[in-house]
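In what follows, a single structure is set out as structure tokens and then discussed.
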Amino acid sequence: MTRRRHQTGKLSGRRVPPSDNANQQTGPHLSFPESTNPAATPSHLLFQIGASPDPVTTIGHTFQEQLVLGRSDPETGVTADVDLSPYNAIEKGVSRRHATIISVEDMVYVQDLGSRNGMQLNDIPLDAKELYPLHDGDMLLLGNLQVTVWFVTDE
């Protein structure tokens with residue numbers, strides 16, 4: 001298993017801004033440097049929970065087609081593929097089913113599932129139920145919980 005990195009910074013989550021001469025792709029809401037486009041869908045995702053430079057922890061998860069991020073609730077039976085409960089998710093405003101990461105035609109997307117406290121991608125607020133391209137090293141804010149996503153591919 002090889003960890004793919006595209007000059008987005010160190011694994012600590014610090015991001016290096018794109019150079020002025022980087023080609024930009026502009027979508028309806030967001031803009032990404034061309035170099036961050038994944039060549040293949042990752043086999044695993046690493047989630048760095050917390051703010052850099054001192055992350056709370058990093059957890060890994062196998063990625064096939066879809067993962068739900070949120071917090072599990074034993075009283076209602078709701079479970080999340082990536083359970084953020086141990087990281088003060090309730091206090092930080094994370095919904096039970098806050099967001100999904102989905103693979104569509106070799107691209108990876110993130111979607112706010114209509115969460116109560118909203119979501120940001122690289123400091124840009126997202127509209128609920130819309131798909132947004134997700135790239136290696138992108139930072140998500142679920143309510144007030146920061147999660148940086150790293151792609152791992154089998155090569």
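Taken together, the values in this text are just the output of simple stated rules run on the coordinates, not laboratory data. What you are looking at is a predicted structure, and each value in this text was computed from that prediction instead of being measured.
Things worth noting here:
- Projected-area average for region 41-153 over all orientations - Cα convex hull basis, square nanometres: 6.6
- Across region 98-150, the mean sequence separation of Cα contacts (distance under 8 Å, 6 or more residues apart), normalised by length, yields a relative contact order of 30 percent.
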